[in-house]
Amino acid sequence: MTQGVGTEALFHGHDDLDFRRVAHIFLRTWPFIRPAMRHLVIFILISVVIALFSATLLFIITALMNGGIVGGKPLGQLHVLIYGLDPTVYVDVEELDPDARRSLRWLVILTTIPLVAVVAGGGIGLYYYSVWIFQGINQRMRVSLIDRLQAQSLTYHATARTGDAIYRVYQDSAMVTQIIRAIFLEPLMFSGRFLFAVAIVAAFDPLLAVILAAATIPILFLGRVFSSPLRRAFRVARERNSRLTSWIQESVLGVRVVKATRSEALRERSFREYSLSAFEAAFRSRSMLIVLGILAFGANGLAVLVTQSMAAMWSNVEASTFARNILLGFGFAIWNLGSFSAATGRIGDGLGSINALISLWGRAQDMAVGLGRVYEVLDLKPEINDAPDAMPMPSFGDAVRFRDVSFAYLSGRQVLTGINLEARPGTVTAIVGPTGSGKSTMMSLLLRLADPDTGSIEIDGIDLRTLQIDSLRSQIALATQENILFSDTVLENIRYAVPGATRTAVIEAAKVACADEFIEGLPNGFDTSLGERATKLSSGQRQRIVIARAVIKDAPILILDEPTAALDAETELRVLDSLKAWGSGRCIFLITHRLSTIRRADTVAYLQDGRVGEIGTHDTLMARTDGAYRRFVSLETTDSTTETESTSG
Amino acid sequence: MAEIVSSERITSRETFRLLGRSLRFVWPYRRQIGVKLALTLIGLAIVLFLPWPLKVLIDHVVMGLPVGSSPTPYPPYVSWFVDLLVGLTPFEIVWVIIAISLLGIVLVGAFGGGVARDYASGGLSEGLDTATQSENQANESGSRVSGLLGLFEFRYQLRITHRINHGLRTLLFGRLMAWPLTRYSDASVGDAVYRTMYDTPAISRVCYDILVLPIANLFVIATVIWTTAHSFSAVPTITLVACLAAPMVLLSTFLMTGVTRRRSLASRAAGAVTTATVEEGMSNVVAIQGLGASQRQRTAFAADSQESFKRFRSYIVMVLLLIVVQSLVTVGLVFYVFFDICEAIIVGRMSPGDFTVVYAYFVQLVGNLSGLGSMWFNLQNNVAGMRRVYDVVDAPVDADLQGDDAIERLRRGIELDSVSYRYPDGTHAVREVNLEGKVGEVIAFVGATGAGKSTLAYLLAGFVHPQTGSVRFDDVDTRRMSVDCLRAQVAFVFQEAFLFDDTVENNIRMSAPSSSHDDVVEAARVASALEFIEGLPQGFDTRLGRMGGTLSVGQKQRLAIARGLVGGAPVLVLDEPTASLDPETENAFVGALETGRRDRLLFIIAHRLSTIRRADRIYFMDEGRVVESGSHNELMSLPNGAYRTFVELQLGGAT
């Protein structure tokens, strides 16, 4: 379970997020929000203006409509002021006469038009504006995630699962767009509305306001009780979904093997299992969220019910309102249909806000979990970093040296031990050895895909760790045994690392790699699109494209990690001759098994169990009777045909 | 990076066809969906009852009118309740209403005229693009009420949704696994994830939209219209406007569907491209770091992601536009009716409480009408996803290209009779190949890179099917054999080893799940993998990371070979798996294959002479044709033979 343990621990490490951690996670979004702060402030200001404007208009309309027209009760001074009404007809009367009530209808319509225009128009505009702002924030976060993942060393990528990465970037970082709403905008808005409601209702009757405020106590209590189980449930749901995504991805990636081994049913069975468990987790978490909402509404509804009934009774006896002198202006000096509607409307709005706030809190638990998972990636320090005083790599001229280099991917599984090696420009160094002897790892260290545990690698006497990684890698070209192509055209694949390269340069590089012939035979030549994983090409063809990609980089150091393994002998010879002609003055490292290739090297380093067993030219090493290298070579040649054996000396 | 696959326009006819298919797919769940519908209707009936107690409160408590003196008649479904209140004092009426409201809170979490009303929605916060919103769709559930009924309805529907989606996901995954290998050259992994995870919920969503939503909406609309006609006949315009609202709301939505649909499609496609870019970047992280191309990868991702967001915004614009049109229609209607209602109240033909009921009912009416109107709109939105799902379901799978005959274990051998194969893009990979292999023989395919050796090997295992000619196992054409039977005969080891994130043992055992631990160990021994496996921390129980984790290519390759050996299949195809083995290991391995040789037909593609020489017969290929065949010695004795030239070149290089 070695590899597994790392990731699993990562997933289950923080089942219990406490409030501090949640707050911390929320705070962590700040760097991504900050660039959008100006827009957010504008957004809030416009929202507040619209909210106040519409609340005031609504109050005026309620008095007109419910109090005046429907209830026939007199209006307040405010209406006289705004609409220029005759106070003797509309205010200082016991009941409004029918004609006065009829005439008020136009005022309602007149006032509703700006209300609808502002609320609908402004609301829609604001929504689009917020989508735009939040997408920008989300984009920053996604890109930063990709950056971080790309910068992780191979040790991390050896254990992490690709599907998990996708899931994090997609589902989890999207939570950022909600987080600002959840922790900032909406609590602000909802608490504002609630307090506004309490203040207004207090003016009608302080007892109502007390009940309204008391309703928050059980709701806050519910929020507290539910938070932790909700977070746990959401975390499980997300992890299971992530596992399912990984499973699909891996299955499709390895579909050839799945078919060849007839394990479709097996893959499907596990898929079924994972899918069910993912749904089960979703069911649990979402049901819990619903229960929270329902309980909160129960407390809420009770308060509405009590206050509404009290207001109805007061209206029945036409009791006077508490702050009658203030409310007089609106026509709400005594309890009647108008004041009943206005007060219950506010109570409903206030408690509705609290309700929305609690359901938001429930959903915020999910966001906290989502963001927590994002930060698990973001918090990983890239193990390979530029030193603070890293310098650009000077142009290469003297030598590449490995000094006592030791390395292990996982402690206890030593891959390289005490490697010493020197390579100079204009030479080809072959690194030879049995499978698993650490040849490729040596080259990974040269590229600083990982750092040696002890010892150092130096270029022209400078330790790699003091160089800027980008400048180091720009001086090294690499062609690997796993020939990875991208779903793009041949042209783009070749100039992948050198996006500015001209077409001529690409064709030139293809020639060096002996790839030009078959490329020109493709349907669209260099512009042929390869599709994901370039399955249309044979391995040999892919290898040559990979070699061309290394060539075009025109770097002083070239690493060929068994790039010719899939080439037949004839093609390999041509490629090697061509490479050697091109590579004069460069320092070439060659990892290979083929004798034909090894023999062309200036130096052969024979690796065995992570140590340099023997080093020298092919001839010197062959001269050692009983040498490990000699034994290695003789194995390769003894089963060659007897008739050609004589020529092999 | 990858290009965005924009599908052509979906016609309305195609939409209906897709809907029909989706309905057939959920047909097995008809009973559950029926229950869901019943629950919804019960909830709605209660919701429609709720404004009436509020009217009672306003008329008889707030306004103090005596019960029974209302100018408008109560509908029959309310009058039984009002009859209970005759003769009660306002104070007593309040208590009755409190009691009934308490019941409402517990049962449906609602009372009053729309202000104090809750509904159950389990939706989680979603991101602002289609992929994350699909996550909520996969968990589609909800109720128009809350309380106990709402909770029950929510949980019930969530279960159905999960069952439907689970079935569909599994179906899709199974189809993906059964696709012929050639389909994969163009299909991308990111796309597969997207279709399975994010596109499938479209179907369950659509089914609720078709089966539950319209009936629920029509129920509300009908009740509202009937009630206004019955109780508010004093003001005929109320009913008239209620009837007029329908065509206006529906028409406004209909006009906008085409554009919306196209934008939704584009938005989803862009999302898939972004996923693919992430996936490619992560899978190839070594290459990208090694090439120093991290910056380039980042730029590509940022661009793809930006594009996906942009398309989503353009989709949002359409949705918002629709909302504007509908609210304008609604406001117009409300104004029109408002005038007449006020008049009726002033002259006493209606009571103030009626105003509350009419208002609540109009809110319900417009809500349900726009629900009905946007039904078409939502269908369009989901058609894109549905089509992407059915694309997968409809694509022929391996089994469609083959029969279902079974043969016993291969006894005699395999014969290829003038077999030709062309890739979908027209490239001829294999031409007119005749070949014979008997059990007990070792056959080698030799030739230059790109000569068609791998394709020929694929033909043996039925990964691809010949356009002309036939492949026969013991005289049975492979096209008549079932996929399972054919693959059971052939163990295939690929050029590039692929390992799953599982234990070493399970990786080896894949083709023969029932094999014992000893079988696995034996296969590992033959593949020269035993030694390094035993050096792993947990030996055979070591879990490999993503794609083999820290194993070297050679180690992975040996595990892949062990995997090919473990089932003891009569035919073993080794497609150059030894290329990354050092000669010592390869020799040991090829030597080890001698055991059990008599019961096995071995095809091997190799470049190493030492390996090729062991073959009983060599087929030398050039440009898809077999140009020479025979034993090594026979072919070497042909003067100027193609094989001989090839070998001499190889040895000349080697020495």
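The values are calculated or read from the model by the stated rules, or taken from the named source; none is laboratory data. Because the structure is predicted, anything quoted here is derived from the model rather than measured. No Cβ is skipped: glycine too gets one built from the backbone with ideal geometry, and neighbour counts run over all protein chains shown.
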Screening A:Gly370, A:Gly329 for residues that are within 11 Å of chain B (Cβ to nearest Cβ) and either more than 18 Å from B:Val61 (Cβ to Cβ) or out of contact with any Ser or Thr (no Cβ under 7 Å at 6 or more places or on another chain) (or both) leaves only A:Gly370
Looking across segment B:519-544 at residues that are assigned to a loop (DSSP other than H, G, I, E, B) and within 16 Å of B:Asp502 (Cβ to Cβ), the single one that is farthest from the other protein chains (Cβ to nearest Cβ) is B:Ala529
*Consider B:Ala457 carefully, then state whether it is part of a helix (DSSP H, G or I), closer than 17 Å to A:Val255 by Cβ, over 29 Å from the mean Cα position of the chain (by Cα) and within 11 Å of another protein chain (Cβ to nearest Cβ).*
yes
Checked pairs for segment A:104-118, first more than 11 Å from chain B (Cβ to nearest Cβ), second polar (S, T, N, Q), C-beta under 8 Å and 6 or more apart or across chains, list as A:Val118/A:Ser54
If we keep only residues of segment A:585-609 that are of a type in the set (Ser, Thr, Tyr) and farther than 15 Å from A:Pro425 by Cα, then the residue nearest to the other protein chains (Cβ to nearest Cβ) is A:Ser596
Sole miss for A:Leu185 among (1) closer than 20 Å to A:Trp361 by Cα; (2) within 11 Å of another protein chain (Cβ to nearest Cβ) is condition (2)
Pairs returned, first residue in segment B:559-577 that is without any contact (Cβ under 8 Å) to a residue 24 or more places away in the chain and at negative phi, second residue that is surrounded by 23 or more Cβ atoms within 10 Å (Cβ to Cβ) and hydrophobic (A, V, I, L, M, F, W, C), beta-carbon separation under 8 angstrom, 6 or more apart or interchain, are none
Restricted to segment A:275-304 and to residues being surrounded by 20 or more Cβ atoms within 10 Å (Cβ to Cβ) and hydroxyl-bearing (Ser, Thr, Tyr), the residue nearest to the other protein chains (Cβ to nearest Cβ) is A:Ser275
Expected output for segment A:490-508 (first residue outside any loop (DSSP other than H, G, I, E, B), partner among the aromatic types (Phe, Trp, Tyr), Cβ below 6 Å, 6+ apart or cross-chain) is A:Val490/A:Phe526; A:Leu491/A:Phe526; A:Asn493/A:Phe486
Note on segment B:18-32: residues in contact with a Phe, Trp or Tyr (Cβ under 9 Å, 6 or more places away or on another chain) and surrounded by fewer than 18 Cβ atoms within 10 Å (Cβ to Cβ) are B:Arg21, B:Gln32
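Let's see how each residue does on (1) under 30 Å from A:Phe340 (Cβ atoms); (2) modelled with pLDDT of 85 or more:
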| position | (1), (2) |
| --- | --- |
| A:Ser246 | no, no |
| A:Gln249 | no, no |
| A:Gly254 | no, no |
| A:Glu268 | no, yes |
| A:Phe271 | no, yes |
| A:Tyr274 | no, yes |
| A:Ala281 | no, yes |
| A:Leu302 | yes, yes |
| A:Asn316 | yes, no |
Taking segment B:414-439 and keeping only residues that are modelled with pLDDT of 90 or more, at positive phi and not hydroxyl-bearing (Ser, Thr, Tyr), one is left with B:Glu432
Of the residues in segment B:148-160 that are touching a Phe, Trp or Tyr at 6+ places or on another chain (Cβ under 8 Å) and at the interface with chain A (Cβ under 9 Å from one of its Cβ atoms), the one that is farthest from B:Asp191 (Cα to Cα) is B:Gly150
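State all residues of segment A:530-555 that are modelled with pLDDT of 80 or more and surrounded by fewer than 20 Cβ atoms within 10 Å (Cβ to Cβ); if no residue qualifies, say none.
Step one: list which residues in segment A:530-555 are modelled with pLDDT of 80 or more, which gives A:541-555.
Once the filter is applied, which keeps residues that are modelled with pLDDT of 80 or more and surrounded by fewer than 20 Cβ atoms within 10 Å (Cβ to Cβ), segment A:530-555 yields only A:Asp554.
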- Is there a residue in segment B:373-386 that is surrounded by fewer than 18 Cβ atoms within 10 Å (Cβ to Cβ), under 24 Å from B:Ser12 (Cα atoms) and modelled with pLDDT of 80 or more? no
Condition set of a type in the set (Gly, Ala, Ser) and loosely packed, with under 15 Cβ neighbours inside 10 Å, scope segment B:46-87, selection nearest to B:Phe219 (Cα to Cα): answer is B:Ser79
Being at pLDDT below 85, surrounded by fewer than 23 Cβ atoms within 10 Å (Cβ to Cβ), within 11 Å of chain A (Cβ to nearest Cβ) and closer than 30 Å to B:Arg644 by Cβ narrows B:Ala588, B:Ala579, B:Ala512 down to just B:Ala588
Out of (1) more than 7 Å from chain A (Cβ to nearest Cβ); (2) crowded, with 20+ Cβ neighbours inside 10 Å, the one B:Phe309 does not meet is (1)
Within segment B:605-618, does at least one residue satisfy the condition of being at negative phi, at the interface with another protein chain (Cβ under 9 Å from one of its Cβ atoms), under 44 Å from the mean Cα position of the chain (by Cα) and in a helix (DSSP H, G or I)? no
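Would you mind stating whether B:Phe500 is in contact (Cβ under 8 Å) with a residue 60 or more places away in the chain and not β-branched (Val, Ile, Thr)?
So B:Phe500 fails the test.
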Within segment B:186-205, of all residues that are among the acidic types (Asp, Glu) and at pLDDT below 75, the one nearest to B:Ala272 (Cα to Cα) is B:Asp191
Checklist entry - Does B:Val504 meet the test of being touching a Ser or Thr at 6+ places or on another chain (Cβ under 6 Å), at pLDDT 85 or above and more than 9 Å from every other protein chain (Cβ to nearest Cβ)? => result yes
Being charged (D, E, K, R), over 26 Å from A:Phe271 (Cα atoms) and modelled with pLDDT under 90 narrows B:Asp518, B:Asp475 down to just B:Asp475
Within segment B:318-350, of all residues that are within 7 Å of another protein chain (Cβ to nearest Cβ) and closer than 24 Å to A:Val131 by Cβ, the one surrounded by the fewest Cβ atoms within 10 Å (Cβ to Cβ) is B:Val324
Filtering segment A:439-463 down to residues that are more than 34 Å from the chain's Cα centre (by Cα) and part of a loop (DSSP other than H, G, I, E, B) yields A:Asp460, A:Gly461
